[in-house]
Amino acid sequence: QVTLVESGGGLVQAGGSLRLSCAPSGRTLSNRAMGWFRQAPGKEREFVCAITASGAHTKCADSVKDRFAISRDHAAITMSLAMDSVKPEDTAVYYCAGSNVAYIPQSRERWTLWGQGTQVTVSA
């Protein structure tokens with residue numbers, strides 16, 4: 001059984017930077033797309049960024065695409081989200097997710113593995 005473990009959340013001032021990491025335990029997800037989602041209080045969980053199994057292609061939501069970058073290190077079997085120029089509206093619980101396909105899926109149903117989440121709080 002695979003579990004996803006996030007790390008790197010915390011409190012940061014607006015305009016600052018933060019880096020989130022995700023590592024699967026149990027077995028590697030090197031042949032599956034991985035991604036990040038977030039959920040703010042009172043809001044639905046939303047897509048942030050995703051990366052294909054090969055790492056060759058990435059996709060980010062319009063609200064973060066000029067500020068966040070997703071990457072994966074196959075050697076270390078980790079995935080990261082580099083967050084720059086953060087804003088108070090980026091405050092949320094960030095979840096690492098693993099899909100059941102190698103490409104970035106359109107359907108939420110393809111995201112079958114979820115981490116416990118890590119809190120990111122951006123102060124004004």
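At-a-glance table
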quantity: Answer residue from the range 55-79, given it is over 18 Å from P105 (Cβ atoms) and polar (S, T, N, Q) and is modelled with the lowest pLDDT among those; calculated: T78
quantity: Residue in the range 56-75 that is among the hydroxyl-bearing types (S, T, Y), open to solvent by 40 Å² or more (accessible area, probe 1.4 Å) and touching a strand residue (DSSP E or B) at 6+ places or on another chain (Cβ under 7 Å) present; calculated: yes
quantity: Complete set of residues in the range 17-26 that are open to solvent by 60 Å² or more (accessible area, probe 1.4 Å) and either of a type outside the set (K, R) or touching a Cys at 6+ places or on another chain (Cβ under 7 Å) (or both); calculated: S17, G26
quantity: Residue satisfying all of: in the range 76-90; in contact with a Lys or Arg (Cβ under 9 Å, 6 or more places away or on another chain) and closer than 15 Å to V5 by Cβ; surrounded by the fewest Cβ atoms within 10 Å (Cβ to Cβ) among these; calculated: T78
quantity: Residue in the range 27-40 that is without any contact (Cβ under 8 Å) to a residue 12 or more places away in the chain, open to solvent by 40 Å² or more (accessible area, probe 1.4 Å) and over 13 Å from the mean Cα position of the chain (by Cα) present; calculated: no
quantity: All positions within the range 104-120 that are under 16 Å from H57 (Cβ atoms) and open to solvent by 30 Å² or more (accessible area, probe 1.4 Å); calculated: I104, Q106, R110
quantity: Which listed residue, of T3, T52, is touching a strand residue (DSSP E or B) at 6+ places or on another chain (Cβ under 9 Å) and either modelled with pLDDT of 95 or more or not polar (S, T, N, Q) (or both); calculated: T52
quantity: One residue from G35, G115, G16, G55 being at positive phi and small (G, A, S); calculated: G55
quantity: R45 being closer than 19 Å to Q106 by Cα, buried (at least 19 other Cβ atoms within 10 Å of the Cβ) and of a type in the set (K, R); calculated: no
quantity: Residue, least open to solvent (accessible area, probe 1.4 Å), within the range 91-103, restricted to residues that are over 14 Å from F37 (Cα atoms) and touching a helix residue (DSSP H, G or I) at 6+ places or on another chain (Cβ under 7 Å); calculated: V101
quantity: Conditions (1) at pLDDT below 95; (2) out of contact with any Gly (no Cβ under 8 Å at 6 or more places or on another chain); (3) over 13 Å from Y95 (Cα atoms); number of the one not met by A23; calculated: (3)
quantity: Test set (1) at pLDDT below 95; (2) assigned to a strand (DSSP E or B); (3) open to solvent by 40 Å² or more (accessible area, probe 1.4 Å); (4) not hydroxyl-bearing (S, T, Y) - L11 fails condition number; calculated: (1)
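The values are calculated or read from the model by the stated rules, or taken from the named source; none is laboratory data. Model, not experiment: these values are computed from the prediction. So basically every Cβ, Gly included, is an ideal-geometry build from the backbone, and we count neighbours across all protein chains shown. With ligands, DNA and RNA removed, areas are computed over all heavy atoms of the protein, side chains included. Shrake-Rupley method; radii C 1.70, N 1.55, O 1.52, S 1.80 Å.
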